[in-house]
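Read through the structure below, which is laid out as structure tokens, and then see the notes.
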Amino acid sequence: MTEEVRGNLEVEDRGAVLVARIDGGPLGLFGNDIAEQLDTLVDRADGDPAIQAVVFTGTHPDRFVSHAEVRWLQEGGATVPSVGVRGASALAHTARGVNRAGGLKTAFGRTPLWPAVQLERVHQTFLKMNRSGVVFVAALNGSALGLGAEFSWANDLRVMAEGDYVIGQPEVLLGIMPGGGGSQRLPRLVGNHKALLAILSGEPFTPAQALEIGAVDDVVAPDQVLDRAIELAEHLGSRPKTSRAAIKRSVYFGGSASLEEGLHIERSEFLATALSDIGQELMLDYMANTEAAGELPLYQPGVFEEVLQAGTTRGAGATSQEIRR
Amino acid sequence: MTEEVRGNLEVEDRGAVLVARIDGGPLGLFGNDIAEQLDTLVDRADGDPAIQAVVFTGTHPDRFVSHAEVRWLQEGGATVPSVGVRGASALAHTARGVNRAGGLKTAFGRTPLWPAVQLERVHQTFLKMNRSGVVFVAALNGSALGLGAEFSWANDLRVMAEGDYVIGQPEVLLGIMPGGGGSQRLPRLVGNHKALLAILSGEPFTPAQALEIGAVDDVVAPDQVLDRAIELAEHLGSRPKTSRAAIKRSVYFGGSASLEEGLHIERSEFLATALSDIGQELMLDYMANTEAAGELPLYQPGVFEEVLQAGTTRGAGATSQEIRR
Amino acid sequence: MTEEVRGNLEVEDRGAVLVARIDGGPLGLFGNDIAEQLDTLVDRADGDPAIQAVVFTGTHPDRFVSHAEVRWLQEGGATVPSVGVRGASALAHTARGVNRAGGLKTAFGRTPLWPAVQLERVHQTFLKMNRSGVVFVAALNGSALGLGAEFSWANDLRVMAEGDYVIGQPEVLLGIMPGGGGSQRLPRLVGNHKALLAILSGEPFTPAQALEIGAVDDVVAPDQVLDRAIELAEHLGSRPKTSRAAIKRSVYFGGSASLEEGLHIERSEFLATALSDIGQELMLDYMANTEAAGELPLYQPGVFEEVLQAGTTRGAGATSQEIRR
């Protein structure tokens with residue numbers, strides 16, 4: 001394990017939904033190889049209008065992602081003098097600047113700052129997932145601790161296998177704390193207090209506990225995890241991608257801002273969707289169908305159910321109410 | 001429906017509580033007429049010390065508010081070139097400036113910017129509801145989608161009729177997203193993740209589902225909705241209006257700010273109530289009654305229940321404990 | 001009660017855990033004497049590496065803290081002209097400046113501004129509790145209203161006695177509002193809407209209601225409250241103090257900031273723990289034990305349970321898996 005692990009992300013193309021299998025070696029670790037391939041995959045899925053969703057699962061028989069490669073985290077600290085929170089804050093800022101400037105490895109490869117730069121990149125990748133119209137689903141075929149849990153929280157949905165598995169943030173037990181967003185996304189997912197106690201104690205959740213508090217969205221038999229995740233991905237994936245992107249940005253970023261700032265974020269995102277080609281097309285179609293039927297499509301018997309299945313109101317309820325009844 | 005709908009807000013004066021009936025025409029739509037009358041009503045209720053609460057209900061037999069007039073939203077986009085989020089953000093800023101400057105219709109009536117200006121005004125009205133000491137209660141006699149749901153979230157309490165009704169945000173299905181605060185107030189009401197999934201899928205809540213997650217406060221038989229809403233309005237309406245205003249501002253705005261900023265908002269609001277005439281009067285009264293009885297009024301047997309009924313501690317527990325027992 | 005109450009905080013040293021008994025006189029009030037002694041105690045516990053936790057309980061037979069000395073709050077208002085929110089905000093700012101500048105009593109003792117300065121100091125003490133690696137537990141032997149409830153919310157955990165007791169914020173009934181953080185910490189603990197309704201109505205929670213919504217963490221028989229609180233304090237107190245401090249700051253402050261600001265706070269705190277002596281020691285130990293056993297310690301049978309008991313991964317799972325089985 002102390003050797004450099006060659007992790008791999010195997011991507012299977014299934015049309016609108018990609019399935020990405022995380023192979024973190026025999027110990028199932030998340031290291032820099034996986035981080036780099038994940039970043040590339042997120043960019044590809046975000047930029048390709050034909051890709052609606054990405055489902056992640058693990059190749060290890062009992063684990064989604066065990067946790068981060070510990071050497072990765074440890075080396076970041078070992079070669080830098082102990083600097084305290086103020087110094088670490090400056091370091092985090094510098095790392096952010098380095099990533100923005102590009103040209104990473106040429107400048108920082110194998111220097112003491114390199115692991116901090118890599119950590120910052122993982123944060124940027126997770127934030128890109130939150131900003132994207134792609135639906136990301138974690139198909140938790142087994143346990144996920146530390147960075148494995150944090151990667152799960154950065155997805156939009158989580159389906160977990162029932163069984164003797166756990167998900168959570170044990171970092172306190174190693175004298176550190178979550179560093180991949182766990183102390184921020186878990187509170188926003190399950191509430192500040194439940195997250196605080198879980199992270200302070202280091203005790204992970206069982207699948208049933210995770211479901212109970214909303215840390216995962218569904219728990220199914222292990223052999224149904226991937227199918228269920230794909231089903232959810234296809235369901236949300238049938239909605240317009242531009243709308244999903246606007247909604248995700250409004251809720252993830254506006255929802256954790258002050259109310260007035262959040263409302264401003266919403267207004268900007270809303271106006272962009274109202275001005276979009278698909279927004280204009282679907283609103284005009286809805287108005288025409290209302291006129292044809294003499295009733296709002298979403299209030300005609302059975303139409304809302306059809307629309308939820310189809311993913312848009314296109315053509316819905318175009319016949320008159322008399323005919324439908 | 002594609003004709004300009006002449007909506008109307010019928011206001012019934014019942015002393016401390018006003019009942020406002022939303023008449024959005026045969027299709028139950030929320031358009032600019034209702035928006036303007038709502039703004040006037042909110043200003044009146046806020047400014048009149050005798051008005052403690054406003055209860056809203058719909059005149060349509062099965063609907064509170066169907067949703068927004070779609071033409072209102074669509075026209076805002078159709079006449080403006082597609083501008084992306086950056087341009088839309090600038091547009092939202094401009095619209096805010098126009099509203100602040102007043103003189104709306106003279107400058108922008110029937111120009112392409114007009115619908116964006118109207119949207120911004122709806123936001124300002126909803127924010128005034130959040131800042132006001134008036135208790136606003138939505139008596140949901142039926143369904144509420146889109147702007148109808150968003151108007152409900154802007155109230156302080158929601159009572160919903162049991163039956164085949166729905167409440168929620170279906171905008172994604174029309175290629176747009178919530179634009180009246182739904183992506184901000186629903187997350188703050190039921191949690192970020194539940195709101196995200198509901199808005200991404202467009203699937204509305206049944207009354208039972210809405211109650212379960214806290215999106216509405218009570219579900220009763222349709223013919224009891226208005227009475228129950230008035231009962232809740234009168235209960236909270238018996239508390240001092242200045243205190244209610246300070247509390248609403250602290251929780252709605254401070255509660256979604258950073259902890260330290262929120263605490264600063266609280267301190268300012270608290271000091272204002274502590275310096276107020278009614279605050280001084282009630283604190284001095286409480287101290288006198290403590291001295292007379294030899295015990296704190298709120299800890300005397302039965303007194304807290306009486307105070308909760310009366311709405312203030314005025315005169316509570318003034319007799320000695322021996323006498324009360 | 002209108003006499004100046006001489007409150008006292010009796011501190012019992014039990015090694016890593018201190019037990020502090022709040023004696024607010026016969027009426028169980030929280031006044032400035034207790035506020036000053038609390039501030040001193042928090043500084044001592046935070047600065048002493050041997051102190052891991054502080055448990056607070058009340059000496060009154062039925063109450064943790066009745067509420068604040070009302071005269072304390074009232075006098076702050078009586079001598080200052082009614083200034084409105086804008087003036088109160090300026091006053092709060094001035095009070096903050098005075099506290100930062102030190103030299104309190106010399107400059108402001110017995111001036112009209114003095115109570116506002118004292119209030120600001122209570123806020124600073126509560127914030128120090130949130131920033132500290134010390135685990136603070138409220139052992140609620142009875143009721144806690146107003147400032148008593150606010151002090152409870154400023155702790156990390158709350159254990160409450162079952163019985164005819166209440167906890168909550170009745171300030172609205174006295175024409176004021178919570179002024180010790182209640183309108184900010186209760187929303188972050190139980191959700192904005194539940195907190196808003198509780199504070200607007202002034203109705204307190206029973207122990208069962210408080211447990212149901214997460215306002216307290218456990219409800220036990222009155223004679224077990226202190227023992228249960230100490231047990232929880234010792235459990236979390238076995239984790240490294242530097243990690244706990246970093247986690248508390250990230251969740252309390254980052255968790256209520258915008259997502260991106262929160263992530264930056266986390267990164268700074270994380271890097272500081274990764275660079276710390278104990279973080280480096282435990283990560284190197286974990287890596288060595290992984291190599292010795294051929295498996296990650298946290299994934300070896302039974303090891304996670306041992307680690308949760310011990311408080312760190314030190315020495316965990318060092319033997320090979322064959323030997324363990």
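The values are calculated or read from the model by the stated rules, or taken from the named source; none is laboratory data. Since this is a predicted model, take the numbers as computed values, not measurements. Neighbour counts run over all protein chains shown; Cβ positions are idealised from the backbone, glycine included. The accessibility values were calculated without ligands, DNA or RNA, using every heavy atom of the protein model including side chains. Shrake-Rupley method; radii C 1.70, N 1.55, O 1.52, S 1.80 Å.
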Neighbours of C:Arg21 by Cβ distance under 9 Å: Lys/Arg at +1, Asp/Glu at -1, summed charge -3
Taking N as its residue count, the alpha carbon Rg of region C:268-323 over 2.2 N^0.38 Å: 1.18
Mind listing the label-point distances from C:Glu212 to the same position on all other copies, shortest first, one decimal in nm, points 7 Å along Cα→Cβ? 1.7, 1.7
Derived scalar couplings ³J(HN,Hα) [region C:241-258; Karplus, 6.51 cos²θ - 1.76 cosθ + 1.60; whole Hz; x for Gly, Pro]: 4, 5, 5, 4, 4, 5, 5, 4, 5, 5, 6, 5, 9, x, x, 10, 9, 5
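Please compute how much accessible surface disappears when B pairs with C, both sides summed, using a 1.4 Å probe, and round it to the nearest 100 Å². Kindly include the intermediate steps, with their values, before the conclusion.
Values: alone 16700 and 16710 Å², together 27960 Å².
Buried: approximately 5400 Å² between C and B.
Report the calculated FRET efficiency for A:Arg44 and A:Asp164 (r = Cβ-Cβ distance, R0 = 41 Å), to the nearest 0.05. Could the numbers behind the result be given before it?
Values: r = 35 Å, r/R0 = 0.86.
According to the calculation, E is roughly 0.70.
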Contact order normalised by length for region B:124-257, with contacts defined as Cα pairs under 8 Å and 6 or more residues apart; what percent is it? 33
List the residues, sorted by chain then number, that are 5 or more residues from C:Arg158 or on another chain and whose placed amide H is less than 5 Å from its amide H. C:Ala138, C:Asp217, C:Asp218
Rounded if a/c is under 1.5, else prolate if a/b is larger than b/c, else oblate: which is region C:167-325, with a ≥ b ≥ c the root eigenvalues of its Cα gyration tensor? prolate
Charge tally in the Cβ shell below 13 Å around C:Leu282, where Lys, Arg are +1 and Asp, Glu are -1, C:Leu282 excluded: -2
With θ set to phi - 60°, apply the Karplus curve 6.51 cos²θ - 1.76 cosθ + 1.60 along region C:117-122 and write out the HN-Hα couplings as whole Hz, x wherever there is a Gly or Pro. 5, 5, 4, 4, 5, 4
Label distances, nm, A:Glu281 versus same residue in remaining copies, Cβ-directed 7 Å point: 6.4, 6.4
If you count only protein heavy atoms and use a 1.4 Å probe, how large is the accessible surface of C:His235, to the nearest 10 Å²? 70
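Taking the solvent-accessible surface of protein heavy atoms with a 1.4 Å probe, what is the per residue accessible area of region A:153-304 in Å²? Don't skip to the end; give the middle numbers.
Working: 4210 Å² over 152 residues.
Normalised by residue count, the accessible surface of region A:153-304 is 28 Å².
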Using a 1.4 Å probe and ignoring any ligands, DNA or RNA, find the accessible area of B:Glu261 and quote it in Å² to the nearest 10. 90
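Could you work out the relative contact order of region B:181-325, using alpha carbon pairs under 8 angstrom and six or more residues apart, expressed as a whole percent? Mind dumping the intermediate values first?
Values: 109 pairs, mean separation 23.5, N = 145.
Normalised by residue count, the contact order of region B:181-325 is 16 percent.
What percent does the relative contact order of region C:243-319 come to when contacts are Cα pairs within less than 8 Å and at least six residues apart?
It rounds to 24 percent for region C:243-319.
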In nm, what does the list of distances from B:Gly294 to its counterparts in the other copies look like, shortest first, when each label sits 7 Å along Cα to Cβ? 7.9, 7.9
Given a cut-off of 30 Å, name the pairs among A:Lys241/C:Lys248; B:Lys128/C:Lys128; B:Lys241/C:Lys194 whose C-alpha atoms lie farther apart than that in the structure shown. A:Lys241/C:Lys248; B:Lys128/C:Lys128
